[in-house]
Amino acid sequence: MSSSSKEAILAAARRVAQARGYGGLNFRELADEVGIKHASIYYHFPGKADLGVAVARRYREDNAVALQDLAVETGDPAVSLRRYPETFRMALTNDNRMCLASFMSAEYDDLPESIRGEIQAFADINVTWLADRLVEAGLADPQQSQDRARAIFAAVSGAQLMARSRADLSLFDRIIENYQCAGLLPM
């Protein structure tokens, strides 16, 4: 099997997991979507947990790069913080999907330990990135930045969840606007 097959499997699994979570991953359905025999998936991923951890790891890695790119692109920590919700909004614009880590967090008790670690690492990367931007922007001192960063991460995740439950992207935008007006996020 080629590496392109592995990439196609990972991409399809990501789309499924963002729509239906870890519990929604099904080798037969993924094989049908990718156009391979379902037994061929086992060549790259011996079991569902192996596929799940690979998808979660890739998602975490892609998110870390996107956050770094956002910081470099804006060059201004306050602007980076203002644009942070865009990283969650993108999933909603893709057939009303959710952040994969948020979806899998809701399934936490049923996840293999290896996937739990990836989901925790995703949150840690986001919180650390937010805390660093808050300090750089002069919006929080280093001792308080982690707590405020957790609040922002949880709030933006929650906004995505509410918007998804109503299939209403404009609701996400209104909630984020309210966070800005309340001072949680810079305007």
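With semi-axes defined as the square roots of five times the eigenvalues of the C-alpha gyration tensor, the equivalent ellipsoid of region 73-149 measures 26, 18, 8 Å, largest first.
Once the gyration tensor of the Cα atoms in region 116-187 is diagonalised, the equivalent ellipsoid follows with semi-axes of 22, 17, 7 Å, ordered largest first.
Of the residues Gly138, Gly21, Gly158, which exhibits the maximal mean-square fluctuation in a Gaussian network model of the chain defined by a 10 Å Cα contact cut-off? The residue that fluctuates most here is Gly138. Taken over the chain, the ratio of Cα radius of gyration to 2.2 N^0.38 Å equals 1.09. Principal-axis analysis of the Cα atoms of the chain puts helix 142-166 at an angle of about 60° to the longest axis. With the charge dipole of region 38-186 set up from +1 on Lys and Arg Cβ and -1 on Asp and Glu Cβ about the Cα centre, the Cα lying farthest toward the positive end among the listed residues Asn178, Ile125, Gly47 is that of Asn178. Using a probe radius of 1.4 angstrom, the carbon and sulfur fraction of the accessible surface of region 39-164 is 50%. The convex hull built on the alpha-carbon positions of region 63-105 has an orientation-averaged projected area of 3.2 nm². Starting from the Kirkwood radius over alpha-carbon pairs of region 8-84, derive D by Stokes-Einstein at 25 °C in a medium of 0.890 mPa s and give it in µm² s⁻¹. This corresponds to a translational diffusion coefficient of 177 µm²/s. His38 exposes around 60 Å² of accessible area when a 1.4 Å probe is run over every protein chain in place. Based on protein heavy atoms only, region 114-165 ends up with 45 Å² per residue of surface accessible to a 1.4 Å probe.
The values are calculated or read from the model by the stated rules, or taken from the named source; none is laboratory data. Owing to the predicted nature of the structure, the values given are computational and were not obtained by experimental measurement. Here the Cβ is made from the backbone with ideal geometry for all residues, glycine too, and neighbour counts use every protein chain on show. Heads up: the accessible areas ignore ligands, DNA and RNA and are worked out on the full protein's heavy atoms, side chains in. Shrake-Rupley method; radii C 1.70, N 1.55, O 1.52, S 1.80 Å.
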